[in-house]
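Encoded as structure tokens, the structure appears first; notes follow it.
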Amino acid sequence: MKLNYNTASFRVCIDQKDNGRISGRVYSQRLERPLHFTDAGNFLLQIEGVLDRQNFPRSFQKKRTFISRGTSPAQENLSQEKHYMSAEEVEENGLLATCILHVETRMNTSWQGFLIWVEKNQREDYLSALELLRILDKGL
């Protein structure tokens, strides 16, 4: 599979907001199965893991260490042998809200991109993961 504008996006289905804590599911054609998140931190860590494994978009800052860990982990191969979610499987909606997340770059150890609220057809740009979380909270 080749990543492009549509296949690299994440469909975020927010099912619950309890005391400011959001939970839900993430669908994407770059995933084998949906990701389930229990809070905003869990959401960010899981998406960051996918971005790191697939190296797309490429991180502009590498993590460094003084301890040798042997060979670096291989990047996930986006091959046809794996079953990635189809466009039809990705078309899910959240119980509270649904948005399409585009991470265009990862500079300064954060994310930059935009979010589209499906129900409102409204686009909002963000310059950091923290700003993305504020947009999600405000939108709910």
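So, in the stretch 124-140, of the ones that are aliphatic (A, V, I, L, M) and in contact with a helix residue (DSSP H, G or I) (Cβ under 9 Å, 6 or more places away or on another chain), which residue ends up nearest to Met107 (Cα to Cα)?
Among those residues, the one meeting the criterion is Ala129.
Scan the stretch 12-39 residue by residue and report those that are hydrophobic (A, V, I, L, M, F, W, C) and within 16 Å of Val103 (Cα to Cα).
Val12, Val26, Leu31
Does Ser72 meet the test of being at pLDDT below 85, part of a loop (DSSP other than H, G, I, E, B) and within 19 Å of Arg106 (Cβ to Cβ)?
yes
In the list Thr38, Thr109, Thr105, which residue meets the criterion of being closer than 25 Å to Ile135 by Cβ and at pLDDT 95 or above?
Thr38
The values are calculated or read from the model by the stated rules, or taken from the named source; none is laboratory data. What you are looking at is a predicted structure, and each value in this text was computed from that prediction instead of being measured. Glycine gets a Cβ as well: all are built from the backbone with ideal geometry, and neighbour counts include every protein chain shown.
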